[in-house]
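*Asks:* Quick one: the structure is below, questions incoming.
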Amino acid sequence: MKNIKFKLQKITGIPLMKLLLVFIILCFLNGCKNTAPTSVLDAKPESDADNLPRITQQMVPPPLLPKFDQVDKDGPKIVQVTFVVKEKKIEVAPNDSIWAFTFNGTIPGPMIVVHQNDFVELTLKNPATNTQTHNIDFHAATGAMGGGDISLVNPGEEVTFRFKATRPGVFVYHCAPGGAMVPIHVLSGMNGAIMVLPPEGLKDENGNSLKFDKAFYIAEQDYYLPKDKDGKIKNIATPQQSVQEIGESIKTLMPTNIVFNGSQGALIGKNALTAKVGDKVLFITSQANRDTRFHLIGGHADLYWPGGKFNNKPYTDFETWAVPGGSAAAVLYKFREPGTYAFINHNLIEAFDYGAVAQIKVTGNWDSSLMKQIKKPMPIK
């Protein structure tokens, strides 16, 4: 050791302790420069879209999601999507109907799936047969009212714009044509969600890579159907009349109907979702207008990403998860037992009296180590 110290001092002419101090300072400064994470406040775009490859994503009706890769294999790209606005009368419950304003004819609108740093290039078409001006506001976008300012189309017009998906997570989109028309259009069904996956895919609570077997999109929709003087739901003849009537009925702040995916019974019985024991299922949930809370009876949220944002470490073992109005959430559950599960809004009045309930039918073998009936019902002794 003395020989090493002597040689270093002889070569440099600097005492060993001073050399060590200089080395430590340089390492510290270099470490601070290279390892400190960049704040979300300082993040800058790494590329523009001019020379990126393009793909077209074919939209499908919820609760299904379009075809996508869980891990980004090819880097940033332009994802081309087309929405056609459809104004149509639908039945939201037996004998209850509404003139719905929709993206691609469904409530909610289709789920879009991209990866962080992809560009979403949306063409919005408003056919001449429609009566209203429409646009789209993406909560995942940055600037121009989420795209609302540059996507306004009158009947007979179409527009194309794009935005960069800079933040991973699930986000609401909705029509926002301005002023009092915003809640009227949203509460007539014009909302949906987009999922922005991290390029490397999802991670569990320990930071390990995570793959899921299925994904479903369940959106809660609150309606405010106009009533006559006797309290009966009115039969509205035209979209124009619907706008006027709903513009008044929403001011009560008292929904007449609260349903999943557009109408009562949309996700139960023959329309129930399906899975197998062992499946890891990602549930994306959204509510474009009011606060709500979701619960899977007989199951849990094994993983729950706070606020539906994938940069946040997922919580574990949630029984019920809240979704503030104007947002979306993502949870993952691995089904461990067969049976028919109820997926509900855990305001039980809104679930069982209003219709905010879905079913998941799960097939497979029963695991008695998790639950077992010891005695069947019998007269009390």
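*Asks:* Only one residue in Ser249, Ser263, Ser242 is over 17 Å from His346 (Cα atoms) and in a loop (DSSP other than H, G, I, E, B), so which one is that? First the steps, then the outcome.
*Replies:* Details: Ser249 fails: in a loop (DSSP other than H, G, I, E, B); Ser242 fails: in a loop (DSSP other than H, G, I, E, B).
Of the residues listed, the single one that is over 17 Å from His346 (Cα atoms) and in a loop (DSSP other than H, G, I, E, B) is Ser263.
*Asks:* Another question about this same structure. Given the criteria of a type in the set (Phe, Trp, Tyr) and in a helix (DSSP H, G or I), does Phe283 qualify? If you could, list the steps in order and put the result at the bottom.
*Replies:* Values: of a type in the set (Phe, Trp, Tyr): yes; in a helix (DSSP H, G or I): no.
Against the criterion (of a type in the set (Phe, Trp, Tyr) and in a helix (DSSP H, G or I)), Phe283 does not qualify.
*Asks:* Identify the residue in the stretch 159-200 that is free of Cβ contacts under 8 Å to residues at least 60 places away in the same chain and closer than 22 Å to Asp50 by Cα and, among all such residues, is surrounded by the most Cβ atoms within 10 Å (Cβ to Cβ).
*Replies:* Here is the first cut: in the stretch 159-200, the residues free of Cβ contacts under 8 Å to residues at least 60 places away in the same chain are 159-161, 163, 165, 176-179, 182.
Pick out the ones that are also closer than 22 Å to Asp50 by Cα and you get 159-161, 163, 165.
Values: Val159: 17, Thr160: 13, Phe161: 18, Phe163: 20, Ala165: 25.
So the residue we want is Ala165.
*Asks:* Is it true that Pro127 is closer than 20 Å to Val243 by Cα, under 19 Å from the mean Cα position of the chain (by Cα), in the same structural domain as Phe83 (by TED's automatic domain parsing) and not basic (Lys, Arg)?
*Replies:* no
*Asks:* Scan (1) in contact with a helix residue (DSSP H, G or I) (Cβ under 7 Å, 6 or more places away or on another chain); (2) surrounded by fewer than 21 Cβ atoms within 10 Å (Cβ to Cβ) for the single condition Ile246 breaks and write down its number.
*Replies:* That leaves (2) as the condition not met.
*Asks:* For the stretch 299-345, how many residues are over 16 Å from Ala193 (Cβ atoms) and either modelled with pLDDT under 95 or not in a strand (DSSP E or B) (or both)?
*Replies:* Residues meeting the conditions: 12.
*Asks:* For the stretch 363-381, how many residues meet the condition of being surrounded by 10 or more Cβ atoms within 10 Å (Cβ to Cβ) and among the hydroxyl-bearing types (Ser, Thr, Tyr)? So that I can check it myself, show each step before the final result.
*Replies:* At the first step, the residues of the stretch 363-381 found to be surrounded by 10 or more Cβ atoms within 10 Å (Cβ to Cβ) are 363-364, 366-367, 371.
Those left that are additionally among the hydroxyl-bearing types (Ser, Thr, Tyr): 363.
Count: 1.
*Asks:* Scan the stretch 346-361 and report the pairs whose first residue is at pLDDT 95 or above and whose second residue is part of a strand (DSSP E or B) and basic (Lys, Arg), with Cβ atoms within less than 9 Å and a gap of 6+ or a chain change.
*Replies:* These pairs meet every condition: His346/Arg293; Asn347/Arg293.
The values are calculated or read from the model by the stated rules, or taken from the named source; none is laboratory data. A quick note: this is a predicted structure, and the numbers were derived from the prediction, not measured. Here Cβ is always computed from backbone atoms with ideal geometry, including for glycine, and neighbour counts include all displayed protein chains.
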